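The values are calculated or read from the model by the stated rules, or taken from the named source; none is laboratory data. Computed from a predicted model, the values in this text were never measured in an experiment. Methodologically, a virtual Cβ is constructed for each residue, glycine included, from the backbone with ideal geometry; neighbour enumeration extends over all protein chains shown.
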Amino acid sequence: MTNKYPVHIVASGGFVLNSKNQVLMLKSPRYDDWEFPGGQIEESETIPHGLEREILEETGIIVKTKSLIGVYSNIRTPSIVMLDFLCEYVSGNPQPSNESSDVKWVNQEDVLKIGKT
């Protein structure tokens, strides 16, 4: 008899603020939509370290993970548990990668509008 355990992908997203209170956003080439940086956490890393790695890979920005601001999950297959964190900007300039077609700092009041431009 084989034990079946639930399988969830653990992912994390970052709400990154700079000293001007602007939010870091990236345009996903997969969905052609603007989103917060983040991604899947690897088995060998902590959630904060994985988030910091994902943000650096996607945007060229170095951050420090600060506090948990939300936990979300879906019921699709594969199941994903998403942990979102407030992150502090440390250094770097926004630059696209193979995981982002555009990266930029966005004024907080424009975050909800950016997907409509």
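Structure above, values below:
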item	result
Selection within the range 83-117 - surrounded by fewer than 11 Cβ atoms within 10 Å (Cβ to Cβ) and part of a strand (DSSP E or B)	91
Filter result for residue 80 (over 25 Å from residue 104 (Cβ atoms) and assigned to a strand (DSSP E or B))	yes
Any pair with Cβ under 8 angstrom, 6 or more apart, that starts in the range 33-47 at a residue that is in contact (Cβ under 8 Å) with a residue 24 or more places away in the chain and acidic (Asp, Glu) and ends at one that is surrounded by 13 or more Cβ atoms within 10 Å (Cβ to Cβ) and part of a strand (DSSP E or B)	33/27
Scope the range 59-72; condition surrounded by 13 or more Cβ atoms within 10 Å (Cβ to Cβ), among the polar types (S, T, N, Q) and more than 16 Å from residue 25 (Cβ to Cβ); matching residues	65
Any hit, the range 44-53, residues being of a type in the set (Gly, Ala, Ser), assigned to a strand (DSSP E or B) and modelled with pLDDT of 95 or more	no
Scope the range 56-71; condition outside any strand (DSSP E or B) and of a type in the set (S, T, N, Q); matching residues	59
